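Here the structure comes first, spelled out in structure tokens, and everything after it is commentary.
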Amino acid sequence: MPDKPPGPAFGRKTLERWWRAGPPGPFRPGFWRSPLRGPWLTAVFGMVLLVGLAVVAITGLLSYAAYEPRLPGNDTTPGKGLLGFYLFEWPADPAWLYRVTQGAHVILGLTLVPVLLAKLWSVIPKLFDWPPARSVAQAVERLSLVLLVGGAVFQFVTGILNIQLFYVFPFSFYPAHFYGAWIFLAALAVHVALKLPKAVRALRSRDFLRELRTGLDGTRPEPPDPDGLVATHPAAPTMSRRGLLAFVGGGSALMFGLSVGQTLDGPLRRTALLAPRGRDYGPGPNDFQINKTAASLGVTAADTGDAWRLTVAGPRTVVLTRAELLAMPPHTYALPIACVEGWSTEQEWTGVRLADLAALAGYAPGTVGVTATSVQRVGYFGAASLNARQVADPRSLLALRVNGADLSLDHGFPARIMAPNLPGVHTTKWVHRLDFFREQR
Ligand SMILES: Nc1nc2c(c(=O)[nH]1)N[C@H]1C(S)=C(S)[C@@H](COP(=O)(O)O)O[C@H]1N2
Ligand SMILES: [Mo]
């Protein structure tokens, strides 16, 4: 008969031990055993991400400028405050610019997904650093990492959901992705400031080309590092660094190869297996990608039939039938629809110059912007404004025809906006009102 009952299996002693050594599992240094983790590997992924994300960030911010949020009806982020500091008058030339910047934003973003995952994998032991905070400085740094990783994941997830599913959020994509970008960029700036010297040193610690020549046999862990990325009890390697880099690079190449086709017209478009707008619709003049169908937005034949009129408003207000528009001087230009989702397609549009319509409304072109309003009553993108430069460009049209045929209902019959270097979202379909306004800047 023992004189003392046995103590509880899980008591103060255990807790004390956990506090010193960390709870069992991933918090213990011996848990992470990949012999490939180390400062050099993390720095390689980090540098690729740094350069790639810089391009994604710049093209993303340009996309916001292309939206011309200062014009009536365009701003989805009224609370942006100083964050709009860099906005400038978006040019109409070159016509393909937004096609390239937004295509690069989306396709490069997709291409970086494997690199982002590899980078997170390479630093995962740090997530379980124990104790949670050794000093105030370290606590602040770890909190900034929450914003960095959380921000990156949020931006990639909202971006990818948007291009795959077209605005499925309980909140609007634009403000979420815009504010998320600034939070992420702020956290990234802090991270780069703190880590860049270390990353540069780590990169210099190994010869990249030599690493590419080293197979599994020669693969050894990096020397122990103060940050604890290198495993304290490394397992035997099952893959060389070269193999890992090839795996991640191959993943990126696959993402790129399966999405770049959405910006190419012609047979290569069908290679965009990862892109919902990668398919081929047929040879007809109206057989190209449709963002939102007329039916999905409740646009009916009654809205767009014989009773349809275009109201052109300025100092003079003019009401025109489609026949009257067709009687005005027609102009034809090949211009791309370049969607914020990254897909784009060039088609040949015929219609009336916006500058001619501005003149009808009593304005000298070059000084006025225009708000185009659709007959659409539900959903987003029923109205958008173009700046004065866009209105004045001779290629800016109220398009009535495409590829030699009347616009189909889904492509915006009776009339839609089509202009050079204009984000697709502002090529308003089923236009029934044009309000010209003097631009105040
Ligand atoms: N009225 C209206 N116009 C619209 C839209 C819309 O939802 N409603 N979608 C826009 C978007 S996001 C794009 S990319 C283009 C696509 O044009 P398409 O459907 O003819 O390809 O139309 C634009 N015009
Ligand atoms: Mo779009």
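What follows is calculated from the coordinates using simple rules that are stated; it is not laboratory data. Note that this is a predicted model, so its numbers are computed, not measured. Cβ sites come from the backbone with ideal geometry, for glycine too, and all protein chains shown count toward neighbours.
Observations on the structure shown:
- Summary of packing: across the peptides 205-214, 360-369, the per-residue average of other C-beta atoms within 10 Å ranks them, highest first, as 360-369, 205-214.
- Residues listed by number, the range 235-252, amide nitrogen under 16 Å from Asp225 label point at 7 Å toward C-beta: 241-242, 245
- Taking every DSSP bridge with both residues inside the range 211-361, close to 100 percent are antiparallel.
- Exposure proxy order (Cβ contacts within 10 Å, fewest to most) of Glu324, Glu68: Glu324, Glu68
- Other-chain or far-sequence residues with amide H under 5 Å of Ala384's (modelled H): Ala372
- The chain: Lys pairs at Cα distance under 22 angstrom, eight or more positions apart or on different chains: 6
- Each residue of the range 328-340 was assigned a 3J(HN,Hα) from its phi angle through the Karplus expression (A = 6.51, B = -1.76, C = 1.60, θ = phi - 60°), giving 6, x, x, 9, 10, 9, 8, 9, x, 8, 10, 7, 4 Hz with x at Gly and Pro.
- Gyration tensor (alpha-carbon) shape descriptor, the range 282-441, a/c threshold 1.5: rounded
- When the inverse distances between all different Cα atoms of the chain are averaged and flipped, the Kirkwood radius reads 25.2 angstrom.
- Cα-projected label distance for Val100 with Ala302, points at 7 Å along beta-carbon direction, nm: 4.8 nm
- Short-range pairs are left out: with C-alpha atoms under 8 Å and at least six residues apart, the relative contact order of the range 32-262 is 41 percent.
- Summed side-chain charge close to Val299 - residues other than Val299 whose Cβ falls under 13 Å, Lys, Arg +1, Asp, Glu -1: +2
- Counted over the chain, the DSSP beta bridges are approximately 90% antiparallel.
- Anisotropy class assigned to the range 130-270 is oblate, per the alpha carbon gyration tensor with a/c at or over the 1.5 cut-off and a/b no larger than b/c.
- Electrostatic tally near Gly261: other residues with Cβ closer than 13 Å to its Cβ, Lys and Arg +1, Asp and Glu -1, net +2.
- Among Met255, Met418, sorting on how many other beta-carbon atoms sit within 10 Å of each Cβ, with the fewest leading, yields Met255, Met418.
- Each residue of the range 275-283 was assigned a 3J(HN,Hα) from its phi angle through the Karplus curve 6.51 cos²θ - 1.76 cosθ + 1.60 (θ = phi - 60°); the sequence is 10, x, 9, x, 7, 9, 9, x, x Hz, with glycine and proline shown as x.
- At least 20 Å along the helix axis (C-alpha) and Kyte average at least 1.6, DSSP helices within the chain: 39-66
- Net charge, Leu216 excluded, C-beta distance under 14 Å - Lys, Arg +1, Asp, Glu -1: +2
- Along the range 401-411 the Karplus relation, 6.51 cos²θ - 1.76 cosθ + 1.60 evaluated at θ = phi - 60°, assigns HN-Hα couplings of 9, 9, 6, x, 10, 4, 4, 6, 4, 5, 9 Hz to successive residues, with x for each Gly and Pro.
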